[in-house]
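Trainee: Sending over a structure as structure tokens; questions will come in a sec.
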């Protein structure tokens, strides 16, 4: 490494990059997205950690499945898995420089995310109607641990915001795909890969949220 | 495996058509496994109350969730083909998962 730097410092013509074994192994955009995902994962971890402490130290805690219901949420989970599949197909389409397929798969992914949000809004409406609020909670007219609603809305709400920002992010990429920005060859597909990383992360977090908030 | 990361200047669609087809097959396989495991997850709470203890249910659901999350991480997020130092960035939030495991262990053996 020192010899390379010396060559550059000697000023014999061209400037040389310092030798770095990691150079070129991942684009700056990908490293940045992964660092964002890692810190975002920590945020979700913090919320789930707080939920775990509050629940395990509570006097009584309802069985989540009885209050929340599992069926509709299982459908929503399946939807997110489907939209993850359409997302990887979109990345492949961009790499193959197939603009029509790219636009189609991105459209399917956006539709999946938007439907997930719709299901969540429906679920929230019914839960609030049945007494599960952010501050106080009740089920079938009997009051339950208030922290049940607080932790539920805090965790699923934070995740829902991620789905919403994912849908907006995907829509921006969708517009770019329509203009043919990501099917030029070379590394032009890169923004599609990055939005894909974010979208899969949202799916990955939901897998954990579904288990810890709904099933356990 | 790495080749699809750097498409050549080939102006035609799909510089590596065969490789991309094998990627599609892999993605569909992962999708089917995820769907199946989700089905198992929904089924577990119904069965456990009759047959298994609460601890078994907790253990089963946690294993299922981490297997599913791992599949998404390795295959959909391409961490399987990524340089090791990039993968380590992605591993860091596992620390929070360990905290959750400690909570559940303490609760189980209180």
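Trainee: Report yes if some residue within region A:169-187 is in contact (Cβ under 8 Å) with a residue 24 or more places away in the chain, surrounded by 16 or more Cβ atoms within 10 Å (Cβ to Cβ) and within 15 Å of residue A:85 (Cβ to Cβ); otherwise report no.
Mentor: Yes, region A:169-187 has at least one match.
Trainee: Could we say that residue B:74 is more than 9 Å from chain A (Cβ to nearest Cβ), modelled with pLDDT under 90 and part of a helix (DSSP H, G or I) here?
Mentor: So residue B:74 does not fit the description; no.
Trainee: Among the residues of region A:95-114, are any in a helix (DSSP H, G or I), more than 23 Å from the chain's Cα centre (by Cα) and surrounded by 16 or more Cβ atoms within 10 Å (Cβ to Cβ)?
Mentor: Looking for residues that are in a helix (DSSP H, G or I), more than 23 Å from the chain's Cα centre (by Cα) and surrounded by 16 or more Cβ atoms within 10 Å (Cβ to Cβ), one finds at least one in region A:95-114, hence yes.
Trainee: Here is a list: A:211, A:187, A:183, A:151. Which entry is within 14 Å of chain B (Cβ to nearest Cβ) and out of contact with any helix residue (DSSP H, G or I) (no Cβ under 8 Å at 6 or more places or on another chain)?
Mentor: Result of the check over A:211, A:187, A:183, A:151: A:187.
Trainee: While we're here: Pull up region A:74-93, narrow it to residues that are under 16 Å from the mean Cα position of the chain (by Cα) and within 7 Å of chain B (Cβ to nearest Cβ), then point me to the one that is surrounded by the fewest Cβ atoms within 10 Å (Cβ to Cβ).
Mentor: Ranking the qualifying residues of region A:74-93, first place goes to A:78.
Trainee: Follow-up question, since we're still on this one. Condition first: surrounded by 18 or more Cβ atoms within 10 Å (Cβ to Cβ) and either within 9 Å of another protein chain (Cβ to nearest Cβ) or closer than 21 Å to residue B:70 by Cβ (or both). Now tell me which residues in region A:52-72 satisfy that.
Mentor: Across region A:52-72, the qualifying residues are A:52, A:55, A:70.
The values are calculated or read from the model by the stated rules, or taken from the named source; none is laboratory data. As the structure is a computational prediction, the values presented were derived from the model and not from experiment. Don't worry about glycine lacking a Cβ; one is built from the backbone with ideal geometry, like all the others, and counts go over all protein chains shown.
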